[in-house]
Amino acid sequence: MPHSTDREYSERAMPQYERAVALVGGDPVRIPLDEDSDKIKALIENCSGVLLPGSNADVDPTRFKQTKSAHTANSDLKREAADDLLLEDAFAQGKPVLGICYGLQSLNVFRGGSLIQHIPDFLPEETRAKVNHEAGKKVAVAHSVELDPVSKLRGIVTSQSLDYEMRNPLFVPVNSSHHQSAEAAGAGLRIVARCTEDGIIEALEGTEPNHFVLAVQWHPERSTEDPVSRNIFAAFVEAASKR
């Protein structure tokens, strides 16, 4: 679940992720955040993959050795604990991982990476106004991202989308609902997409070739009618089905 105490937000956001997984043949399983660790471990034992959804919380900055910014939202310790359990299991068992928005940040911190706590404070003045990364769900396209030409993500995007494949370099239009982003990539992760306009990190993927680990800073669950968004979920579910 996205948040342990903001139930209204969680119940509004969660169905989009569930629908996106179901559309490509997956069976979504909700992981409650108010259960103890033993019950969560029992639930995830029979799950073949881990999807980390967005959240309106921010990861506790003490986890990446920073003091809290005035713009950083309160952390959700139960969500962080659940994510850690899910990721420990996924990396131990080789289960596929897909992180979305906050899920990218949670994954990166779990792997020892760091975050930019507030993008406008990080960017130089001449750059910070180029993109509104907090545009929200009402803005279908907030900016474009450039994909690493040799990344797994690019292969996912182009495998069923010849229109994108024809472009070199490859730019993908995305939505945006975040004020934080990855700064230094964690162990076993690499940067595979950046915002075209200001260079903010927009996607990470795992470096282990036989373990599907992908995280995007945008929200593909909001645009499953788009082939690129659907391909991301299809690749995740396909990887899970192979276990």
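Since every read-out is calculated from the coordinates, none of them should be taken as a lab result. Worth saying up front: this structure is predicted, and the values here are computed from it rather than measured. Cβ placement follows ideal geometry from the backbone for every residue including glycine, while neighbour counts extend to all protein chains displayed.
Values for this structure:
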| item | result |
| --- | --- |
| Three-way shape label, segment 177-243, alpha-carbon gyration tensor, a/c 1.5 | oblate |
| Antiparallel content of DSSP bridges confined to the chain, in %, to 5 | 70 |
| Those aspartates and glutamates that a straight Cα-Cα span of less than 16 Å connects to K130, excepting residues fewer than 8 apart in one chain | D121, E146, E197, D198, E202 |
| Added length on full extension, which subtracts the Cα-Cα distance from 0.36 nm per residue, R30 to D6 | 7.1 nm |
| Among 88-99, 173-184, 126-137, the order from most to least packed when residues are scored by Cβ within 10 Å on average | 173-184, 88-99, 126-137 |
| Relative pair counts by distance (%), Cα atoms of segment 114-243, 10 Å bins | 12, 43, 36, 9, 1 |
| Label corresponding to Rg/Rh (Cα atoms, Kirkwood Rh) when calculated from the structure given, among [x] 0.97; [y] 1.04; [z] 0.93 | [z] |
| Rounded if a/c under 1.5, otherwise prolate or oblate - segment 57-104, Cα gyration tensor axes | prolate |
| Taking the C-alpha atoms of segment 64-147, convex hull volume expressed per residue in Å³ | 149 |
| Unit charges on C-beta of K, R, D, E only; dipole of the chain, Debye | 260 |
| 30 Å Cα-Cα threshold exceeded, pairs from K95/K138; K39/K152; K39/K242 | K95/K138; K39/K152 |
| Cα-based reach from K68 at 12 Å (exclusive), listing aspartates and glutamates while leaving out same-chain residues under 8 positions away | D58, D60 |
| Förster radius 22 Å - calculated FRET efficiency between N74 and T127 (Cβ-Cβ, nearest 0.05) | 0.20 |
| Whole-percent pair-distance distribution, where bins are 10 Å wide, for the alpha carbons of segment 1-123 | 12, 44, 34, 9, 0 |
| Ordering of 28-37, 138-147, 102-111 by packing [mean C-beta count within 10 Å, highest first] | 102-111, 138-147, 28-37 |
